[in-house]
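In what follows, a structure is listed as structure tokens, so that the remarks can point back to it.
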Amino acid sequence: MARIWLFPDDIDTDQIVPGRYAPYMTSEAELGKYPFIEYRPEFAAKVQPGDLIVAGSNFGCGSSREYAPRALVAVGIAAIIAPSFSRIFYRNALNLGLKLFEADLVRDLSDGEHVVYDDASFTIRTGAGILHTLPQPPDWLRQTWVEGGIVSYYRKYQRLPVGGAE
């Protein structure tokens with residue numbers, strides 16, 4: 001079972017992880033303690049691996065802080081579903097293997113609701129039996145997610161070793 005964490009429109013990277021909690025100010029190992037620490041202080045303590053964020057439009061707007069999506073990866077968020085994402089947040093999530101789906105489910109799901117998320121079929125089933133099918137990602141994106149993001153994908157499938165020639 002996954003828990004739904006519902007957020008409104010225009011959640012910016014400073015709400016996800018305020019700058020004072022950046023890994024270079026704290027530590028990389030502690031990054032999972034800080035998602036939404038000021039916006040929703042209970043989030044980091046209660047979120048479970050496999051939970052889903054469902055948000056309004058323009059999720060991840062603001063600065064280009066890669067540690068914002070990294071913090072969500074650190075706590076095990078399975079996917080974020082929103083009608084739209086900031087372009088730089090979308091790219092950072094792709095780099096890190098964080099699944100993003102462009103869909104509007106804010107009015108269809110409730111904060112704290114427990115659902116079944118099927119990562120193979122990209123569906124969400126509510127306790128009432130309602131099935132939501134997420135947009136089906138292309139094969140290359142699925143493979144990127146499997147590898148843990150663009151960097152991991154590149155390292156696995158490149159012809160030359162990282163940092164040098166053969």
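The values are calculated or read from the model by the stated rules, or taken from the named source; none is laboratory data. Fair warning: this is a prediction, and the values are worked out from it, not measured in the lab. Note: ideal-geometry Cβ built from the backbone for every residue, glycine included; neighbour counts use all protein chains shown.
Suppose we keep only residues that are buried (at least 17 other Cβ atoms within 10 Å of the Cβ) and farther than 12 Å from D12 by Cα within region 46-65. Which one would you say is farthest from the chain's Cα centre (by Cα)?
V47
Report, by residue number, each residue of region 22-53 that is part of a helix (DSSP H, G or I), within 25 Å of P83 (Cα to Cα) and of a type in the set (A, V, I, L, M).
A44
Keeping to region 105-149, report how many residues are in contact (Cβ under 8 Å) with a residue 40 or more places away in the chain and surrounded by 15 or more Cβ atoms within 10 Å (Cβ to Cβ).
Adding up the residues that qualify gives 13.
Checking the condition at negative phi, in the same structural domain as L100 (by TED's automatic domain parsing) and out of contact with any helix residue (DSSP H, G or I) (no Cβ under 7 Å at 6 or more places or on another chain), which residue from I11, I37 passes?
Working: I37 fails: out of contact with any helix residue (DSSP H, G or I) (no Cβ under 7 Å at 6 or more places or on another chain).
Sole residue among the options that is at negative phi, in the same structural domain as L100 (by TED's automatic domain parsing) and out of contact with any helix residue (DSSP H, G or I) (no Cβ under 7 Å at 6 or more places or on another chain): I11.
Tell me whether region 155-164 contains one or more residues that are surrounded by 18 or more Cβ atoms within 10 Å (Cβ to Cβ) and of a type outside the set (D, E).
Going residue by residue through region 155-164, those that are surrounded by 18 or more Cβ atoms within 10 Å (Cβ to Cβ) are none.
Looking through region 155-164, none of the residues is surrounded by 18 or more Cβ atoms within 10 Å (Cβ to Cβ) and of a type outside the set (D, E).
I'd like the residue in region 29-45 that is surrounded by fewer than 12 Cβ atoms within 10 Å (Cβ to Cβ) and not aliphatic (A, V, I, L, M) and, out of all such residues, is nearest to R65 (Cα to Cα). Before you say what the answer is, go through the steps one by one.
Looking only at region 29-45, we keep the residues that are surrounded by fewer than 12 Cβ atoms within 10 Å (Cβ to Cβ), and these are 29, 41-42, 45.
Those left that are additionally not aliphatic (A, V, I, L, M): 41-42.
Values: P41: 20, E42: 22 Å.
Among residues in region 29-45 that are surrounded by fewer than 12 Cβ atoms within 10 Å (Cβ to Cβ) and not aliphatic (A, V, I, L, M), the one nearest to R65 (Cα to Cα) is P41.
So which strands (runs of 3 or more DSSP E) are wholly in region 54-166 and hold at least 3 residues that are outside the structural domain of Y34 (by TED's automatic domain parsing) and modelled with pLDDT of 95 or more?
Details: elements: 79-82, 100-102, 114-118, 123-126, 131-133.
Those strands (runs of 3 or more DSSP E) do not exist here; none qualify.
Would you check which residues across region 74-89 are in contact (Cβ under 8 Å) with a residue 24 or more places away in the chain and either touching a Pro at 6+ places or on another chain (Cβ under 9 Å) or surrounded by fewer than 19 Cβ atoms within 10 Å (Cβ to Cβ) (or both) and list them?
Pass one, region 74-89, residues in contact (Cβ under 8 Å) with a residue 24 or more places away in the chain: 74-86, 88-89.
A74, V75, G76, I77, A78, I80, P83, S84, I88, F89, listed by residue number.
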